[in-house]
1. Once the other residues with Cβ under 9 Å from the Cβ of residue 194 are scored (Lys, Arg +1; Asp, Glu -1), what is the net sum?
2. Which loop-located trypsin sites (Lys or Arg not before Pro) does the stretch 106-147 contain, where loop means any DSSP state but H, G, I, E or B and the Cβ has at most 15 other Cβ atoms within 10 Å?
3. Residue-wise, which Karplus ³J(HN,Hα) couplings in Hz belong to the stretch 183-193, taking 6.51 cos²θ - 1.76 cosθ + 1.60, θ = phi - 60°, and x for glycine or proline?
4. Cβ under 9 Å from residue 58's Cβ, residue 58 left aside: what net charge do those residues give with Lys, Arg +1 and Asp, Glu -1?
5. Restricting to Cα pairs below 8 Å that are 6+ residues apart, what does the relative contact order work out to for the stretch 74-150? Please round to a whole percent.
6. Averaging sequence separations of C-alpha pairs under 8 Å and six or more residues apart, then dividing by the length of the chain, give the relative contact order as a whole percent.
7. Classify the chain as rounded, prolate or oblate, taking a ≥ b ≥ c as the square roots of the eigenvalues of its Cα gyration tensor: rounded when a/c is under 1.5, otherwise prolate if a/b is larger than b/c and oblate if not.
Amino acid sequence: MTQGFLDRVYRTEGADDMRRLYDDWADQYDADLSGAGYATPGRVARALAGAIDDTARPILDFGCGTGLSGEALAEAGFTTIDGVDVSDGMLEVARAKGVYRDLDAVGDEDAMTDRAGRYAAAAAIGVIGSGAAPLAAFDRVWALLPPGGLFAFSFNDNTLQDPAYEAHVTQLTESGAARIRFREHGDHVPAEGVGALVYVLEKA
């Protein structure tokens, strides 16, 4: 999957088809994304590193894929990173990178409640939105964080066309459940002409 790979991702619907797409794409994924200037992992990792008090504290890389996100987090100074993903093929590639303390496969509906309170922060880098996890995944990750926990994530331009995503963040901040520590729009996949909005939220 090289030319116009994002178009194929955005056209894929259903959890099973999405998982198959990512399993099949695993071996080529890093080359495709890196070749297209994939900027979001570095942007999110740097934003989270700037907001957390200690990069040695454990963090969760939700939807870690092949580990491009984990590599960016490690480069930003994080040393204790756990990753979860729905694609076994992606996890196999991620495992070879050696940046994760722990890697696990999770189902689309797994609540991951056994992980509650384990992490000072979580990241969902290029994960929630069009062509990936639905908005419900946001709440699954948010529920794991303790008060003061940080959630760093991105919404790409295609996702931002649906107002529900930004509205979800607005509801959390206006209710006092979260405060915005970082918010910036910038590059996502420059070669495909796609940007992304990067957030870091702190849980009240």
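1. Numbers: positive: none; negative: 157, 187, 192.
With Lys, Arg at +1 and Asp, Glu at -1, the net is -3.
2. Working: sites: 115, 118, 140; in loops: 118.
Counting only loop positions with at most 15 other Cβ atoms within 10 Å, the trypsin sites (Lys or Arg not before Pro) in the stretch 106-147 are 118.
3. 7, 7, 8, x, 5, 10, 10, x, 5, 9, x
4. Numbers: positive: 57, 101, 118; negative: 82.
In short, +2.
5. Details: 71 pairs, mean separation 21.0, N = 77.
Answer for the stretch 74-150 is 27 percent.
6. Working: 403 pairs, mean separation 46.0, N = 204.
Taking the mean separation of contacting Cα pairs over the length of the chain, I get 23 percent.
7. Values: a/c = 1.41, a/b = 1.22, b/c = 1.16.
Here the chain falls in the rounded category.
Values quoted throughout were computed directly from the atomic coordinates according to the rules given, and no laboratory measurement underlies them. Quick caveat: nothing in here was measured; it's all calculated off a predicted structure. Here Cβ is always computed from backbone atoms with ideal geometry, including for glycine, and neighbour counts include all displayed protein chains.
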